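Single-structure report; data block below.
The values are calculated or read from the model by the stated rules, or taken from the named source; none is laboratory data. Remember, it's a predicted structure, so these values are computed and weren't measured experimentally. Methodologically, a virtual Cβ is constructed for each residue, glycine included, from the backbone with ideal geometry; neighbour enumeration extends over all protein chains shown.
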Amino acid sequence: MREVRVRFAPSPTGALHIGGVRTALYNYLLARKHKGTMILRIEDTDQTRFVPGAEEYIAESLGWVGIQIDEGVNVGGAYHPYRQSERKSIYKEYAQKLIDSGYAYYAFDTSDDLEAMRTRLKVAGSSNQQYSAATRMSMNNSLVLSEEETKNKIDAGETYVIRLKVPAEGEIQIQDLIRGEVKVDSSQIDDKVLMKSDGMPTYHLANVVDDYLMKISHVIRGEEWLPSAPLHVLLYRYLGWEKEMPQFAHLPLLLKPDGNGKLSKRDADQMGFPIFPLTWMDPNSSELATGFRESGYLPEALINFLAFLGWNPGTEQEIFSMDELIEAFSIERIGKAGARFDIQKAQWFNQQYLKAKSNEELALYLLDSLKAEHIECSNEKAAKICGIMKERVTFTHDFWMQGKFFFNAPTSYDEQVIAKKWNAEAIHVLTGFSQEISKLSKLTADVAKFTLEAVTANLGIGTGKILQALRVSITGGASGPDLMMTMEILGSEEVVSRIQHALKTLKKTI
RNA sequence: GGUCCCAUCGUCUAGGGGUUAGGACACCAGAUUUUCAUUCUGGUAACACGGGUUCGAUUCCCGUUGGGACUACCA
């Protein structure tokens, strides 16, 4: 196999879609697997859709999920520049080459002309309304104009585009690594615009020129590109690069969780899950979209989840680190059918990764939340809290969301528990328990348990019967992590104060 | 409409001419647990349909149906 050089080539028109992250991931896995090179190229040839900040967002997102770029924008490399807008003159050169060799031509048609052509064909009942071999001779281009006329128009400053002269017929085959042989008749392909009237190339020209110049070995991209792949083959052929043409792999699409169609931001919004790796604020609409990171997902979990959407190792192992993915990855094991986006599976992965982390690592997330709330807390205490909570959380922010009571005494109590469990027995036990605890300077989980059992035994009441009441008095809630450990973390003073407060405010309810 | 792609439990998928069609998520039940969660055990659940080929097709071929992508001077 030739040296593996792959590229992820997003267009900076907004936040990076999660499907794009998966495409980047597969490229990256192949590159690393074969000790190749991962390239980041920015396809910013559409000046009208440029969104400030998008390029930075893409780079930051890839960094967050752990996809390292070897070559490209911000990193540099031998084949720079990696921003297509900075390669304008290069494309022009090759477009000219195509014109000179008769594979492309100038077209002066206005958008009205094109519109008229399409409606004319539609009315005539034609099955495809394209600018192609069938129609090009009735349009306004250098094929029908004399050389002289064409030159005059260009010299006069008339705007024009350069179109590819696609043959009237002939089968074009592409060999796709995922789908095998795909054949299309060139009569189905239109005379695609190669150079736009603003002097910028279209995707088709730019990607072929760049992939060739950057010595790309594999083009791994979404299935939406499959229909235009034959066109790209044609370009390689006409440019004389067919031998160096990269291998293609068109990835199955990421589908909506329910129903049908490509996964979109709308679906994500409706169903309440993120679709962008990082939170993104659209500079035009000021609309805010929360990212996976900000929603409490771990990058390792997201990557693991994404890797399995359309690919699998063929074994029964589910949890894969990036290194393990690299080891196990192969294009042959990528599926063909589109994959529904199942956020529940993503949550499960997140839970698995969260549980596997050390308390100290987890504490960082809790400390982050606390900082935002202006609450002071030592690393040790935070780690301890995370330690007893990690079996029950799904997201990084759950430590705070579900553990607020460690920092704020309850201001209200779970009504169901009060109704069922807050009775004379409970009050007796809690009163006695808090008296005993108040004598202690240091409260540990063991001591708390021992003390509680002593008090209940003394009163002849089963410990289990009042435990819920004790929990609600301390946390306000009906469920939570181990109560004894919770009391240890809170400390005797706080425990006593909370029980007293509950006793005082809840007494009247019975 | 045209071109192209796709089709195994609800979801992600393994498998492949002869299998009790396997796993994971989700769901349900039981066990453990001071609560909830975790964990453990068990369970429900799939080869879209119709033709071929074959001794035998879920698997190979064709068609149908269904779904998807593309159909811009966007990528």
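Restricting A:LEU443, A:LEU452 to those that are under 50 Å from the mean Cα position of the chain (by Cα), outside the structural domain of A:LYS381 (by TED's automatic domain parsing) and either more than 11 Å from RNA strand B (Cβ to nearest atom) or not in a helix (DSSP H, G or I) (or both) reduces the list to A:LEU443.
Within region A:178-228, considering only strands (runs of 3 or more DSSP E) that don't extend past its boundaries, which have at least 1 residues that are within 7 Å of RNA strand B (Cβ to nearest atom) and either surrounded by fewer than 23 Cβ atoms within 10 Å (Cβ to Cβ) or under 31 Å from the mean Cα position of the chain (by Cα) (or both)?
On the way: elements: A:180-185, A:193-195, A:218-222.
Where strands (runs of 3 or more DSSP E) fall fully within region A:178-228 and carry at least 1 residues being within 7 Å of RNA strand B (Cβ to nearest atom) and either surrounded by fewer than 23 Cβ atoms within 10 Å (Cβ to Cβ) or under 31 Å from the mean Cα position of the chain (by Cα) (or both), they are A:180-185, A:193-195.
Filtered by the rule that a residue be small (Gly, Ala, Ser) and in a helix (DSSP H, G or I), region A:455-468 gives A:ALA457, A:GLY464. Close contacts from region A:170-190, counting a first residue that is in contact (Cβ under 8 Å) with a residue 40 or more places away in the chain and farther than 19 Å from A:ARG136 by Cβ and a second that is more than 9 Å from RNA strand B (Cβ to nearest atom) and in a helix (DSSP H, G or I), with Cβ to Cβ under 7 Å and a gap of 6+ residues or different chains, come to A:ILE174/A:VAL233; A:LEU177/A:ILE331; A:ILE178/A:ILE331. Residue count for region A:455-488 under the criterion of being of a type in the set (A, V, I, L, M, F, W, C), surrounded by fewer than 20 Cβ atoms within 10 Å (Cβ to Cβ) and more than 10 Å from RNA strand B (Cβ to nearest atom): the result is 3. When A:ALA59 is tested against (1) away from RNA strand B (no atom under 14 Å from the Cβ); (2) in contact with a Lys or Arg (Cβ under 9 Å, 6 or more places away or on another chain), only condition (2) is not met.
Can you confirm whether A:VAL233 is away from RNA strand B (no atom under 12 Å from the Cβ), part of a strand (DSSP E or B), among the aliphatic types (A, V, I, L, M) and not assigned by TED's automatic domain parsing to the domain that holds A:ALA104? It is false that A:VAL233 is away from RNA strand B (no atom under 12 Å from the Cβ), part of a strand (DSSP E or B), among the aliphatic types (A, V, I, L, M) and not assigned by TED's automatic domain parsing to the domain that holds A:ALA104.
The residue pairs whose first member lies in region A:258-272 and is of a type in the set (Asp, Glu), whose second member is within 12 Å of RNA strand B (Cβ to nearest atom) and part of a helix (DSSP H, G or I), and whose beta carbons are closer than 8 Å, counting only pairs six or more residues apart or on different chains, do not exist in this structure.
Has region A:163-170 got any residue that is surrounded by 19 or more Cβ atoms within 10 Å (Cβ to Cβ), within 10 Å of RNA strand B (Cβ to nearest atom) and not assigned by TED's automatic domain parsing to the domain that holds A:ARG41? Looking for residues that are surrounded by 19 or more Cβ atoms within 10 Å (Cβ to Cβ), within 10 Å of RNA strand B (Cβ to nearest atom) and not assigned by TED's automatic domain parsing to the domain that holds A:ARG41, one finds at least one in region A:163-170, hence yes. Against the list (1) surrounded by fewer than 14 Cβ atoms within 10 Å (Cβ to Cβ); (2) acidic (Asp, Glu); (3) more than 21 Å from A:SER295 (Cα to Cα), the condition A:GLU324 fails is (1). Screening A:ILE67 against (1) surrounded by fewer than 18 Cβ atoms within 10 Å (Cβ to Cβ); (2) in contact (Cβ under 8 Å) with a residue 12 or more places away in the chain leaves a single unmet condition, (1).
Starting from region A:243-255, keep only residues that are more than 30 Å from A:ILE343 (Cβ to Cβ), then list their pairs with residues that are within 16 Å of RNA strand B (Cβ to nearest atom) and of a type in the set (S, T, N, Q) whose Cβ atoms are within a distance under 9 Å, requiring at least 6 positions of separation or different chains. Final answer for the pair search is A:GLN247/A:GLN175; A:PHE248/A:GLN175.
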